Structures are given as structure tokens and as C-alpha cells.
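The values are calculated or read from the model by the stated rules, or taken from the named source; none is laboratory data. Since this is a predicted model, take the numbers as computed values, not measurements. Cβ coordinates were reconstructed from backbone atoms using ideal geometry, including for glycine residues, and neighbour counts include every protein chain displayed.
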């Protein structure tokens, strides 16, 4: 295999991987930026997205239907949870949020098991995305190309949303000084609910995107949440751009690492995280914690 | 002190009346209690919130497992050695982690824990990789140490470790050293300006915490007869932190109760329903909403009324 083709396909592979990680990391970091809480249940929302996606494909017969339904339902559930439970806890220390989101993780895992059963569910990818293309004579799955593209599109949409819309402005303002935003006449509680819903919705859409490749299973949550933590910590908690950089870094290390030194790829990822934290305790783009 | 003795006597008498399966459960609960109490030293007294305490547990378990599998060192000594080893390793870990404070400290401990997890997953000759170490024996030795290999004996060994560690930890937090730790918890800058090298104090308390946590892990390996990478996974770090919070931080006794509560409730629920996680999760959420300062806080409020 010629080296250029190898490099290009591996880079595309890494990009598609980064896109998945980004869906998770970006939501987690938005939530942290606004509420200063670490959402341990983020992996569970990702998993819920995959299962809701499976059902949506089952009911509507269309993968595109799942891509619309999952973020709305998962995000809606997230926002409801924020309004029902988390809202009562602001002002408490971090312990409370750790326990509540951990409890939610347990409950969601069990609820999913009760509703969908223990067997892994295969989400069928749409016909138009299931083939392969040849890139420099190397076969490459179309779905991964699509995923990389989707990642870029979502990143641009969120970036524009944060920069150009009124809600985006309020979100940025709230992350800097919630009290002032409140004093200026905006109900910060609604901003928080919206952000939590959006963050969870992003995790949910990530679940739908991941489902055709990895199947929807009960083991998704713990692994997803730790990868997400790593990228958010590397990029800096609360930084949108940071989560993008973190996702790219981790994805490239995972893809190239598992090719060149398969025994050390996982350890290498955590080693990078340690090094970055020692040099910059707040992460690459984060404020000093 | 009277309370401690009373509880010790009660626990020591339990093997006379309990069926074997209850003894197993109780032993496991005491091991978890020791693990949770060790974390409370860091979390409750110096506000060093570790997300990677499974590292201490896993280190202890793998070290003890290897000693028992490859040498003739009898069980109680192997357990102690593994605990000390875990404490020594912690000095290095703490030296790095205390470069940061607050959330960053938590994240560094998480990174370290996961790094060990990743290493354990690949270092087949020492950890058995994903299969783990199996068939860990309870090596017999001279001077009557063979007794600790039996079910009842192992229970007493666990109990001795828990009480020894509790008395040690209580002496630590009541000493001048403990007062400095509380100073760090309340206001580190002020403590620093009073002339205390707070970072050394933090490294010391992390080492102690890891030593006791390692002791718990070291007990678990011969208790279960195996050690695997689950013992190093971040999920366990999260669970033990929750046991500490459920019990009440900064009390030592609270986390012990929290761990016992955690294990017993989980066990009881799982005999009634397959969906125990649903109830368990709900308990946590209700706990946060209505009992914010843990079991010990609840007990204190009762007494105040």
C-alpha cells in the first residue's frame, strides 16, 4: 500500500473518530462552562441517543428520521432533568452534582435495559452510506466520510450559533458572569436548562451517529464518558474550541497509535493528558482552575 | 473510644451467629469500608478530591496478588507489604498531582488512575492483562497465621486491618498534623503564609490515604481470589467517592457507614429485583436532595434536636 494513500485514509479515519468525540465533548464542555458541573451522566445520554435512534429507525424506517428524533428526545429529557432536579442544587458544592448525575447514570442504564433488553442492537445504516469509495486506490467506508463531514458541519453550526444568535450570546455571557446576566433581566435558569438540553442532545446525536458502527449496547456509557472527559480536560473545561482540539488530538493518537504501537496507545492517551495538565493545569485553552 | 470498643466487640462476636454467606458479604463490606475511609483522609480533611482512588485499590490488589502467587510470604504480611508499597508509589503520584489544585487536582488523579488502568491492561506478565490474576492463594505461614486463611480467620484479619487503620487515621487527624490539614481545607493560602509547607503536607496525606486504600485492595485480592482491571477502572473511583459522600466527609466513621450502606443496600435490592440499579440510582438522587450532609450529618442533626 502506498504511504500517501495510507496517510490520507488514516487521517480521514481519525477525523471521523474526532467527530464522534466532538459531539460528546462539546456538550460536556458547554454544560461545564455554564453550570460548573461535571455531568457524569453524559455517557448515558450518548447511549440513550443510540437506543432512541434504533427505535426511530424501527418506527420511521429512516436513519435521517433518527438523526432528527434522537437529539430532540434526548435533549428534551436532559432539559427536563435539569428543571426537575439539578435546578434545586445550584449553590451546593460539586459533591451533589457528582452523586445526582451518577445516580441518573445508574437509573438510565437500568431503564434502557428494561425497555430495549440486554442484546446489542444493530442500527442499519442507510443504503446511500453503506458502500465504500476508493481514495487514491484505497477502499474507504463512505459512512466514515459522512461522519467526518457531519462533525465539521455540526462544529460550524454550533460555533455560528454561539457567535451569531441571541441565545448563543446569552450562553457566552452566562458562562462569564451569570449574576450580571440575571441582573440585566434574563432568566438565567432558562439559559441553564437550554444549555443542559443542548449538551445532552448533542450527546444523543453522537449516539445515533455511532450506533451503525458500534451497535447500541449497554457497555457504551462508561467508555464514552471517560474518553469525553479526556478530551474536555485536555482542551480545557468550558472551552468550545478546546473540546474541538482535544477531540482531534485524542482521535489522531488513537488511530495512529493503535497502528504503530498498539500496546501503548491507550496509555499514551492518558500520558498526554497528564503532561498537558502538569504544564497547563486548566487544559490547553482553559482558565486556571 | 468506648463506642469503638463496643463496635469492635460486636463485630468480633458476629461470626458466632451469622451464616457463611452473610460472613462473606460482611467481609466484603468491611474491605470497602476501609477503602472509603482511606479516601476520606484526603477528601474530608484536606479537600483533595480524588477521582482516581481506584489506583490505590488496584495497586494494593495486584501487588498482594503477585506476592501471594509467586512467593511463600504468608497472607497477613503480604497484605501489609502491598499496603506499604501502594503508599510509597503514592508519593510520586502525589508529587505530580499536587502541582495543581482544585478541579485540576481531581483531573490529574483521574488521569493517573486511568494510566495505571491502561498499563495494567497490557502488562500481561504482571497483571494478566484482561484476564487478570486468578487463583490467588491465602498463603499459610508459621506462628498460627494459617488461621487467617479460613473464612472466619479472613474476616478477623479484615476487621483488624479496618480497626487498626481507623485508629491510625483518627490519631492522624487529631494530631497537630491533622490540624494543618484542616487549615489547608479551610484556607490553603493562609496556612501557607503561616509558614507551613502545604504541599509536603498534602503529599504526606495522599501517601497515607493510598497506603490504607492499598491495604483494602490487598485484602480484596485474596478475599476474591482474583484481581482484574476492573479494580483500577474509574467507575470504582466514582463509587468510592460516593460512599464517602453518602456517609459524610471529614468524619472517618461516616464513609465506613456509607460503604456498608452501599454494599448492603445493593445486595438486598438485588435479591428482590433485577432492576436494583433503578432504585439505587433513585436513592442517590433523593439522598442529595434531602440529606445533603450524609448519614453522619443526619445523625448529628438528630442529636441537636
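Among the conditions (1) closer than 24 Å to residue B:104 by Cα; (2) within 14 Å of chain B (Cβ to nearest Cβ); (3) over 13 Å from the mean Cα position of the chain (by Cα); (4) not in a loop (DSSP other than H, G, I, E, B), the only one that residue A:258 does not satisfy is (1). Among helices (runs of 4 or more DSSP H) entirely within the stretch B:72-135, having at least 1 residues that are on the phi > 0 side of the Ramachandran plot and within 14 Å of another protein chain (Cβ to nearest Cβ) singles out B:102-122. Might you check whether a residue that is at pLDDT below 85, within 14 Å of chain B (Cβ to nearest Cβ) and more than 22 Å from residue A:16 (Cβ to Cβ) occurs anywhere in the stretch A:39-56? For the stretch A:39-56, residues at pLDDT below 85, within 14 Å of chain B (Cβ to nearest Cβ) and more than 22 Å from residue A:16 (Cβ to Cβ): absent. For residue A:166, the requirement of being over 27 Å from residue A:280 (Cβ atoms), surrounded by fewer than 17 Cβ atoms within 10 Å (Cβ to Cβ) and away from chain B (no Cβ under 14 Å) is met. For the stretch A:225-255, the set of residues classified as facing another protein chain (nearest Cβ under 7 Å) and surrounded by fewer than 23 Cβ atoms within 10 Å (Cβ to Cβ) consists of A:226 only.
Screening the candidates B:281, B:258 for the property of being assigned to a helix (DSSP H, G or I), surrounded by 17 or more Cβ atoms within 10 Å (Cβ to Cβ) and more than 10 Å from chain A (Cβ to nearest Cβ) yields one hit, B:258. Considering each residue of the stretch A:130-145, count those that are in contact (Cβ under 8 Å) with a residue 40 or more places away in the chain and closer than 24 Å to residue A:210 by Cβ, and give that number. The qualifying residues number 6. Applying the set (1) in a helix (DSSP H, G or I); (2) without any contact (Cβ under 8 Å) to a residue 60 or more places away in the chain; (3) surrounded by fewer than 18 Cβ atoms within 10 Å (Cβ to Cβ); (4) away from every other protein chain (no Cβ under 14 Å) to residue B:67 leaves exactly one unmet item: (3). If you go through the stretch A:81-99 and keep only what is part of a helix (DSSP H, G or I) and touching a residue at least 12 places away in the same chain (Cβ under 8 Å), you end up with A:81, A:82, A:83, A:86, A:87, A:94, A:97, A:98.
Pull up the stretch B:244-255, narrow it to residues that are in a loop (DSSP other than H, G, I, E, B) and more than 13 Å from every other protein chain (Cβ to nearest Cβ), then point me to the one that is farthest from the chain's Cα centre (by Cα). Out of the qualifying residues, it is B:251.
The one condition from (1) in contact with a strand residue (DSSP E or B) (Cβ under 8 Å, 6 or more places away or on another chain); (2) surrounded by fewer than 14 Cβ atoms within 10 Å (Cβ to Cβ); (3) under 18 Å from residue A:26 (Cα atoms) that residue A:139 does not meet is (3). From the list B:62, B:45, B:117, the lone residue that is touching a residue at least 40 places away in the same chain (Cβ under 8 Å) and farther than 30 Å from residue B:148 by Cβ is B:45. In the stretch B:194-229, the residue that is nearest to residue B:160 (Cα to Cα) out of those that are out of contact with any helix residue (DSSP H, G or I) (no Cβ under 7 Å at 6 or more places or on another chain) and in a helix (DSSP H, G or I) is B:224. Among the residues making up the stretch B:176-210, a single one is over 27 Å from residue B:54 (Cα atoms) and buried (at least 20 other Cβ atoms within 10 Å of the Cβ): B:191. A count restricted to the stretch A:41-63 and to residues that are outside any helix (DSSP H, G or I) and either surrounded by fewer than 24 Cβ atoms within 10 Å (Cβ to Cβ) or free of Cβ contacts under 8 Å to residues at least 12 places away in the same chain (or both) stands at 2.
Condition check ((1) within 11 Å of chain A (Cβ to nearest Cβ); (2) assigned to a helix (DSSP H, G or I); (3) closer than 16 Å to residue B:30 by Cβ) across all residues:
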{"site": "B:238", "(1), (2), (3)": "yes, yes, no"}
{"site": "B:242", "(1), (2), (3)": "yes, yes, no"}
{"site": "B:264", "(1), (2), (3)": "no, yes, yes"}
{"site": "B:292", "(1), (2), (3)": "yes, no, no"}
{"site": "B:295", "(1), (2), (3)": "no, yes, no"}
